[in-house]
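Read-outs throughout are calculated quantities, based only on the coordinates presented, and are distinct from any laboratory measurement. Quantities reported herein were computed from a predicted structural model and do not represent experimental measurements. Counting neighbours? That spans all protein chains shown, and the Cβs are built from the backbone with ideal geometry, glycine included.
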Amino acid sequence: MDNNEKIKLLKEEYESKEPPKELDFAIETAIKRGRKYKSNIKKKWAGLVAAASIIFICTLSLSGSIPGSSKKATLTTNKSVVMDVASTSSLPVVGTKGNLTSLLAKVQGQGSMQDGGIEDSKSMSIAPKTTQSTNTVDSNLNKNYSQTNLQVKGVDEGDIVKTDGAYIYELSNSKLQIVTATPTSMAIVKEVKYSDDFQPTELYLKDNKLIVIGTNQIPFVNSDKAKQNVDSKNFPKTVLGTKAIIYDIEDKSNIKNIKEVEIGGNYTSSRLIDNELYMVANQNNNFYYPIIAKKDYSPDNVRILSVQPVYKDNSKDKTYKLLDYDKIYYMPNDIEANYINTASINLNNISEEVKISATLGYGNNVYVDDKNMYIAGNSYNSSKEGSYTVKTKIYKFSLGKGNVTSVGIGEVPGTILNQFSMDEYDNYFRIATTQVTVGDLTNNVYILDDKLNLVGSVTKIANGEKIYSTRFIGNKLYMVTFKNTDPLFVVDLANVREPKILGELKIPGFSNYLEPYDENHIIGFGKDAEDQTIISQNTITQSSDGNSAAGNPVDSTISMSKGFKMALFDISDVTKPILEFSVSLGDHGTYSEILNNHKALLFSKEKNIIAFPITIMETKDNYSSKEVFQGAYVYSLDLNKGFNLRGTITHKADGIKDYSADIQRILYIKDDLYTLSNSYIKANSIMDLTEVGKVKIN
Amino acid sequence: MDFVEKVNLAKKGDDNAFYELINDRKAILYKMAYAYVKNKEDAVDIVSDTIYKSYISIRKLTEPSFFNSYVTRILINTSLDFIRKNKAMISLEDKDYPLLGILGKVEEGDKEAVLDLYKAVDKLDEKCKTTVILKYFQDMTIVQVAEIMELPIGTVKTYLHKALKELRLDLSLEANI
């Protein structure tokens, strides 16, 4: 069968998806919704399928002497790792528009970015850092209310709800609302509606300041628009931007907008460390337009406009500004037609102008600790021989007093899952990737030094599987890979230069998120799975070097995910991890936001609460399922007896399908649990989960 | 009533005109959304959100003849936004894999290759996937794809090249512009 036939078949499959009857209803509803003009966009992330797993435990201990070790680095299998690090001072800037154009010319119309090969690694002029304080003091410890579930303690992440114990601040239906946390008499004391152009997505709370971050439309600004002989009516009127609004909330009923900061580009992520707020956005930096009056779109008739990073700080200037070319950094050998823009806002001194940094590059996963920011993105490399690989580029930025300094770039084979695929500890950066090679999948863990040079790795872990979750905790890595029912591996990375696998445990299902419970236990949240045989045939697969790997039976099963699963692992003996307890909920299609957003979990060891939002589906016949519950499941955990369901909370009236009443978050303040949907905030007593009060918020 | 007239009426707030415009496009919109998320419920939700967004911002549409591109662009962005928010689940696998209709039309020996290609399209990054959907499933020209994606033609070609390489397809398909 040739490629055209294959594509034709796929197209047929694509065409065969006829709209279901409910689409007509959905269209009418959408128009009605639009008519009401309420930004009541609510999506239902239900019914995502995935399949079964291995948990690996890797110890990443740095106990041995590392620098200058005479031992050979175990770089046997991956010569392709590129190390290209420049010092802070020598990292080049774009400088001029002409230079930008010539840099970008390299990526224009080219098949793919060429692998730059190994540059001379320049030594970085970064002073050796002290031990990374991953285990900083838990600022939440003595507070009698919950905080957003974070990856790195002390590094706050934005979410749709925040509390200070007295008020609940939340974003729902594109509105900001401030609600009194008085369980029996909750009331909305302030509501802020936004125009259609601004879509608020996350909140931060710091003392008497509240920060709303969202995406907005900003005017298309181009410094030399007039000079281009192009049809300006084809210019976009607006482009995507990222905006932070800072409110003084001293008086809750009369909050004051004291500063607005905007940067160009799609909102990627943000963090709050002490009083410094960091925002990251990815801005596409070239646009293509035909010259006026020419209908022919041949290359001679087009103009490419390379725009500069755009930003605005309304406390300084009412207009949008373009960042000078001599402030745009780039990595030699690594040019992307995109900027990673960052904005740092000092919340202690609102009148201080926002600090902007821009680097030519692209990254969509962000890891931040108290000293550095790592932004990872995919890169595509094709070699002269025609082989083709996907790698992860890691842009490193140092953070200090609000300055985001582009430090260098590293690259490792494979792609990462999310922010939890990355971690920094004791000045070493660790990253876990899934690598797709011809006809196969495999997984790797790499350890890089502070200059992003590779010092150690474990490669080819769990061939044929991919990573479903990872969690670095101090010297250990817990990693779940999955395809079918498979083992839990323990990898010993005790020496950063010679990590190795210690043991494994087979468990059905998989975990999408791992929460550390204590030093000997982790809790996994994921799905149960079972295998279904679909195609049973043995063929010969071609391996990447062209040799046929005879005798490798082709996997003939597909894992079908079943319900939601929560499991407690005892990892006190790293060579023998044990599945101690597990709870399964619902059938195929059952979904919880924790599976792809750690912020949806409420976990407090002190209060002994594990609570999460969940949509429970029950299978009626083979392939259709029905929602039977949406709301919060609240558990306690006894290490000897396992999980105990304390109760459930829902915002739904019986039998009414209303997504806006889907519970999204659970928090606690003093003696009450608060659940949030787009319709209500409800308070239930922690003691026995009886409803104490509620307030309608929409 | 011709298309441009309808769009102009819709812009003025004529809900019937807007409904008719959308009704003509609904199958195309649904199929595209399905290609991204691979399940009925989410595809319906994405189409619904797309229509909502198109409705509330239609006044920003300056050139009526671009209505379909405008809606398609919103659909792509809505779909990608959905996928990004669900990025932890790397694969948005089709519940119906075992039931893939096309497999019935394929000889036993080719089934695996077709299934692999089907899965490989799912694994493409968002821009490559969008390019493949528009180019090969919707039969658009590169120029049309570039217009929808608001990208330079060269960039679109780059994504297409990347996609075909990643799908391990004969690059001669590229010439088919």
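Once the other residues with Cβ under 13 Å from the Cβ of A:GLU580 are scored (Lys, Arg +1; Asp, Glu -1), what is the net sum? Walk me through the intermediate numbers first.
Details: positive: A:LYS576, A:LYS641; negative: A:ASP518, A:ASP570, A:ASP573, A:ASP638.
Once all neighbours under 13 Å are counted, the net charge is -2.
Residues whose amide H lies under 5 Å from that of A:ASP672, counting only those 5 or more places away or on a different chain, are A:ILE686; hydrogens are built 1.01 Å from N in the peptide plane.
Do any chymotrypsin sites (Phe, Trp or Tyr not before Pro) in the range A:592-698 lie in a loop, going by DSSP, with at most 15 other beta-carbon atoms within 10 Å of their beta carbon, and if so which? Walk me through the numbers before you get to the answer.
Details: sites: A:PHE603, A:TYR623, A:PHE629, A:TYR633, A:TYR635, A:PHE643, A:TYR659, A:TYR668, A:TYR674, A:TYR680; in loops: A:TYR623.
Within the range A:592-698, the qualifying chymotrypsin sites (Phe, Trp or Tyr not before Pro) (loop, at most 15 other Cβ atoms within 10 Å) are A:TYR623.
Between A:THR392 and A:SER379, A:VAL412, A:GLY414, the built amide H atoms are under 5 Å apart, and every one of these is 5 or more places off in sequence or on another chain. Evaluating 6.51 cos²θ - 1.76 cosθ + 1.60 at θ = phi - 60° for every residue in the range A:174-190, the Karplus couplings come out as 6, 10, 9, 10, 10, 10, 6, 8, 10, x, 8, 9, 5, 8, 7, 9, 7 Hz, glycine and proline recorded as x.
Counting lysine pairs in the range A:570-654 that sit 8 or more residues apart in sequence, or on different chains, and whose Cα atoms lie under 25 Å apart gives 8.
With θ taken as phi - 60° and the Karplus curve 6.51 cos²θ - 1.76 cosθ + 1.60 applied, the whole-hertz 3J(HN,Hα) list for the range B:73-81 is 5, 5, 4, 4, 4, 5, 5, 5, 4 Hz, x standing for glycine and proline. Backbone geometry of the range A:574-589 corresponds, through the Karplus equation with coefficients 6.51, -1.76 and 1.60 at θ = phi - 60°, to 3J(HN,Hα) couplings of 5, 7, 9, x, 10, 7, 8, 9, 8, 10, 10, 10, x, 10, 3, x Hz, x marking Gly and Pro. Checking every one of the trypsin sites (Lys or Arg not before Pro) in the range B:1-51 against DSSP loop status and a limit of 12 other Cβ atoms within 10 Å picks out B:LYS12. For trypsin sites (Lys or Arg not before Pro), the sites in the range A:331-431 that DSSP calls loop and that have at most 11 other Cβ atoms within 10 Å are A:LYS384, A:LYS401.
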